[in-house]
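Below you'll find the structure, written out as structure tokens, and then a few comments.
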Amino acid sequence: MARWGKIRAAAAFGLIGCLFPCAPAGAEPAYVRVVREYVEKLVRPMVETPVVVTAIKEQNAKFGNVSEMDMRVLDETYRAEIAQGDFQMVGALMAKSISHYLKSRQDDSQGTIVEFFVTDRHGLNVGQSIVTTDYWQGDEDKFLKTFALGSQDIYVGRAERDESTQLLEAQASFVVTDEKDEPIGMATVTIAIDAL
């Protein structure tokens with residue numbers, strides 16, 4: 001009798017496995033491929049334009065060999081402005097022509113792009129479509145798994161549901177190169193997966 005119970009249990013688990021197949025170990029979620037395709041076909045060409053490349057190169061020249069401590073101070077200043085509602089640094093960044101360009105590309109996406117920003121070679125924001133939560137991205141996976149590694153792959157982060165919009169979103173990041181194919185910065189776009 002106990003043997004038949006084990007056989008029935010095994011059959012039940014086998015049926016469950018057929019109805020709800022598990023992804024192979026280490027396999028990417030299905031949304032990753034879709035987000036990568038969107039970024040490769042539509043977002044990368046938006047970034048490979050003179051307005052973006054020139055702005056990144058100018059900031060790279062401006063900051064040169066800035067120290068990590070200085071970058072952290074800039075980031076803390078930016079965050080403090082957001083917390084206090086005093087937008088001097090934030091306002092100057094949002095007023096840049098590259099930020100207007102990124103905002104227009106976000107608007108043209110009809111809700112698919114919910115955030116769009118680019119950084120310099122240190123991970124400091126050069127331009128952004130909306131006010132980001134921080135100014136320095138150099139200590140985050142989006143930078144560490146792209147620019148810091150010299151990778152040409154599109155890194156797609158874990159999908160999360162935005163509490164305010166209830167949209168399922170994922171960030172995708174990739175290295176930005178100049179006309180000589182030299183890495184100069186990084187681009188990050190937050191995609192509303194539901195809108196793809």
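Selection of first residues in region 35-63 that are without any contact (Cβ under 8 Å) to a residue 24 or more places away in the chain and part of a helix (DSSP H, G or I) and of second residues that are surrounded by 21 or more Cβ atoms within 10 Å (Cβ to Cβ) and among the hydroxyl-bearing types (Ser, Thr, Tyr), restricted to Cβ pairs under 6 Å at least 6 apart or on distinct chains, gives an empty result.
For region 123-141, the candidate set comprises residues that are of a type in the set (A, V, I, L, M) and in a loop (DSSP other than H, G, I, E, B); within that set, the residue that is surrounded by the most Cβ atoms within 10 Å (Cβ to Cβ) is VAL131.
Consider region 50-93 and keep the residues that are over 26 Å from GLU182 (Cα atoms), β-branched (Val, Ile, Thr) and in contact with a helix residue (DSSP H, G or I) (Cβ under 8 Å, 6 or more places away or on another chain). The one that is surrounded by the most Cβ atoms within 10 Å (Cβ to Cβ) is VAL90. Of all the residues in region 150-184, those that are touching a helix residue (DSSP H, G or I) at 6+ places or on another chain (Cβ under 8 Å) and on the phi > 0 side of the Ramachandran plot number 0. Within region 71-98, residues that are in contact (Cβ under 8 Å) with a residue 60 or more places away in the chain reach partners that are hydroxyl-bearing (Ser, Thr, Tyr) with beta carbons closer than 7 Å, at six or more positions or on different chains, in the pairs LEU74/TYR135; ASP75/TYR135. A residue that is in contact with a strand residue (DSSP E or B) (Cβ under 8 Å, 6 or more places away or on another chain) and farther than 20 Å from VAL35 by Cα occurs somewhere in region 101-114. Residue count for region 142-183, restricted to those that are among the small types (Gly, Ala, Ser), within 12 Å of the chain's Cα centre (by Cα) and either buried (at least 20 other Cβ atoms within 10 Å of the Cβ) or not in a loop (DSSP other than H, G, I, E, B) (or both): 3.
Only the coordinates and a few stated rules stand behind these numbers; no lab work does. Note that the structure is predicted; figures quoted are calculated from it, not measured. Cβ coordinates were reconstructed from backbone atoms using ideal geometry, including for glycine residues, and neighbour counts include every protein chain displayed.
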